[in-house]
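The values are calculated or read from the model by the stated rules, or taken from the named source; none is laboratory data. The shown structure was predicted, so the numbers you read here are calculated from the model rather than taken from an experiment. In case anyone asks, the SASA skips ligands and DNA or RNA and just uses the protein heavy atoms, side chains included. Shrake-Rupley method; radii C 1.70, N 1.55, O 1.52, S 1.80 Å.
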Amino acid sequence: MFEIGSSLREARTRQGFDFTEMEFRTKVRAKYLRALEAEQFDQLPGHTYIKGFLRTYAESLGMDGQLYVDEYNSRYVAGEEERPLRTRRVPTQSRRQRQHRESRLVVIAVTAMILLTALVIAAWKFGDPAEPMVQGVNAPSTPSAAAVAKGVSITAARGASFMEVRVASAAGKPLYRGTLERGQVKRFAPQKLTITVSSPRNVIIRVAGVRVKVPKSGQLTLPRGS
């Protein structure tokens, strides 16, 4: 049995080294070297670091580092083995429950994606990809002869005109509101309509194929076609 700190200090001073030199040689901070010599081991990080510092310090002074480690173990560790930190084990039941919940969430997410995809496909397959049809508006691009004969057609023959078409009266349900560009035609099903146009001179209106006069006021009410 020997004094760890005193032995290290005597070897250092005998060789003429100061703490600055020893810090450079051992790569251990000078304050830890001072603690080793003073045996103030409580100021050092822990058993593992202390034994490593002792070995390095002793060997840098030309001594057997293992002797210092053994002496430290016999005096301060007292045969107690340093136990590695163990990872806390999650109970098997809790882990299984968590895995079950995660599996259920995955199934729900996949099911939702499948349903959403099915709805999109159904909407695309069975829905009308064309412009939504409004009663009296958006007549087929190639209407039948009967529809042309009975319906109302409005043509911007001489130029553009803003136009509003409502069912029955000027306060009725709106069927169309917008600018009819030159050459464009809007057709409506046979029914009572009130038509208002901003440029009467540019517009030609026909009911059941017969042209009707557009008043200067730009508004007229048409009876249901026959």
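Pull out a ≥ b ≥ c, the square roots of the eigenvalues of the alpha-carbon gyration tensor of the range 156-212, then state rounded if a/c is under 1.5, prolate if not and a/b is larger than b/c, and oblate in the remaining case. Oblate, since a/c reaches 1.5 and b/c is not below a/b. Straight-line cross-link partners of K192 among the lysines, defined as a Cα under 22 Å from its Cα and at least 8 positions apart when in the same chain: K150, K173, K213, K216.
K27: which lysines have alpha carbons under 26 Å from its alpha carbon, excluding same-chain residues fewer than 8 sequence positions away? Filter leaves K51.
Figure note: M113, M22, M63 ranked by solvent-accessible area, largest first, 1.4 Å probe, ligands and nucleic acids not counted: M113, M63, M22.
With a 1.4 Å probe and all protein chains kept in place, how do Y49, Y176 rank by accessible area, largest first?
Y49, Y176
Rounded, prolate or oblate: which fits the range 26-76, taking a ≥ b ≥ c as square roots of the Cα gyration tensor eigenvalues, rounded meaning a/c under 1.5, else prolate when a/b beats b/c? Verdict is oblate for the range 26-76.
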